[in-house]
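These notes are about the structure you will find just below.
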Amino acid sequence: MARKTTIRNDDEVPDERSDSGMDGGGSGGDKTRAGGSDEDDPEQQRYDDELRPSRLEDVVGQKAVVERLRILLEATRRRKEPLGHLLLDGPPGLGKTTLATVVPRELGTELQITAGPSLSAPKDLLPYLTNAGYGSVLFIDEIHRMPPAVEEFIYPAMEDFRVDITLGDGLNARTINMKLQPFTLIGATTRSGMLTAPLRDRFVNREHLDFYTDEELATIVTRNARKLRTEISPEAAQEIAIRSRGTPRKANNWLRWTRDFADVRANGKITLEVARAALRMKGVDDAGLEEQDRKYLQTIIRVFGGGPAGVQALGHTMNIPADTLEDEVEPFLLREGFIQRTPRGRMITAKAMAHLGVSQKQNPKQPRSGSDNAEQRELFD
Ligand code: ADP
């Protein structure tokens, strides 16, 4: 099967957008993401790549998902057929890209990487499809952000390994079919709910990634400290883990920060005291909440009387894209019981009030009539 054995990762391919026509020229490794997220930052991407596990055996946690992947990979190897298309969903920083890069490496096949927002028309996707070798992997990050025309273009490619290209228009229009090599599409999404049913159904394998336990995160922190040649005590690794919101990317970022802090303020060793002081300086509290999380909770209390509050209105008030709130702020707050989602919007919980030290008296449940809520009115003026 696998004819090519090279894996082209983000940092190994030129960052070229393939919007240069339909000449099949580019297989760029571009990753364009929603505004305001950590992942937009090229330095963040470099750091992610530096610490990314390269083999399945190095992947920590997600036991059930990894176990099922092992079976799929083994069956694929034995049958010498391409792996069925795989959809990975879950909040940012939980390992979707990691698994998408581990799979081709385990299979010894080639990997191409792109992202939904950079595929604005079918012609942007075509070079990736025509370049895909037998059994190779095409990874599309943020696949829910592909425009409908691109989505429709990808259906026959996924199902029959074929693309339909229309040449000319009007009476002279002609459709030609182009055969593709059977390949595997790995899609990643933070919003499986935003995927259309026809696209979701074309993925035979679907896996959901969940938040990590503190123990798993402590293992990741300890391993990565070794990779970064930094000494860290087990208590400090545990402390970083507890404050990382169940997210490996966060844990890695706090490790990087505590390491800088230890180099400058201590003797380079990350002890419990050093870790605590470093995280305090970043405004991370005992529950792992940061400034933005607290601001979100306070906005629901102060502006929306504890809720219900719609995410769009919250986003406008905080001047943060609603997407960013939904992807990066809310999942952890929901899981930890700091907010509730109701059909009418987000509600603050007693746990959040206690955490912020706000008494019920300071949060009288107010009717949402608007006339007595000047701040609310301002939002919609
Ligand atoms: P996503 O694509 O879901 O946003 P990534 O796969 O880019 O997340 O993960 C971010 C970083 O977190 C990776 O660079 C890697 O260092 C770390 N990471 C994620 N999942 C794991 C895991 N299961 N084991 C070890 N490290 C992980």
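Please list, in order along the range 131-143, the HN-Hα scalar couplings obtained from phi with the Karplus expression 6.51 cos²θ - 1.76 cosθ + 1.60 (θ = phi - 60°), rounded to whole Hz, x for Gly and Pro.
With coefficients 6.51, -1.76 and 1.60, one gets 7, 5, x, 4, x, 7, 10, 10, 9, 10, 7, 6, 5 Hz.
Show me 129-138, 319-328 ranked by packing, highest mean number of other Cβ atoms within 10 Å first.
Packing proxy ranking, top to bottom: 129-138, 319-328.
So, in Å, what gap is there between the alpha-carbon centers of the range 178-234 and the range 263-332?
Distance between centres, Cα-based: 23 Å.
Compare the peptides 188-194, 92-98, 54-60 by average per-residue count of other Cβ atoms within 10 angstrom and give them in order, highest first.
With the highest mean Cβ count within 10 Å placed first, the list reads 92-98, 188-194, 54-60.
What percent does the relative contact order of the range 50-186 come to when contacts are Cα pairs within less than 8 Å and at least six residues apart?
Relative contact order of the range 50-186: 25 percent.
Please list 3J(HN,Hα) in residue order for the range 298-308, calculated via the Karplus relation 6.51 cos²θ - 1.76 cosθ + 1.60 where θ = phi - 60°; whole Hz, with x for glycine and proline.
5, 5, 4, 6, 6, 8, 10, x, x, x, x
Of A188, Y155, A225, which is farthest on the positive side of the dipole of the range 146-255, counting Cα position, with +1 on Lys and Arg Cβ, -1 on Asp and Glu Cβ, and the Cα centre as origin?
The Cα lying farthest towards the positive end belongs to A225.
Is the shape of the range 132-210 best called rounded, prolate or oblate, per the rule: a/c under 1.5 gives rounded, else a/b larger than b/c gives prolate, else oblate, with a ≥ b ≥ c the square roots of the Cα gyration tensor eigenvalues?
oblate
Taking a threshold of 27 Å on the Cα-Cα distance, which of the pairs K63/K123; K63/K269; K63/K250; K80/K250 fall above it? Walk me through the numbers on the way to the answer.
Working: K63/K123 38 Å; K63/K269 31 Å; K63/K250 20 Å; K80/K250 38 Å.
The answer is K63/K123; K63/K269; K80/K250.
Considering Cα pairs under 8 angstrom that are at least six residues apart, work out the relative contact order of the range 181-245 and quote it in whole percent.
Working: 23 pairs, mean separation 19.9, N = 65.
The normalised contact order for the range 181-245 reaches 31 percent.
FYI, it's all coordinate maths here, none of it is from the lab. Since the structure is predicted, the reported quantities are computational estimates derived from the model, not experimental observations. Reconstructed Cβ throughout: ideal geometry from the backbone, glycine too, with neighbour counts over all protein chains shown.
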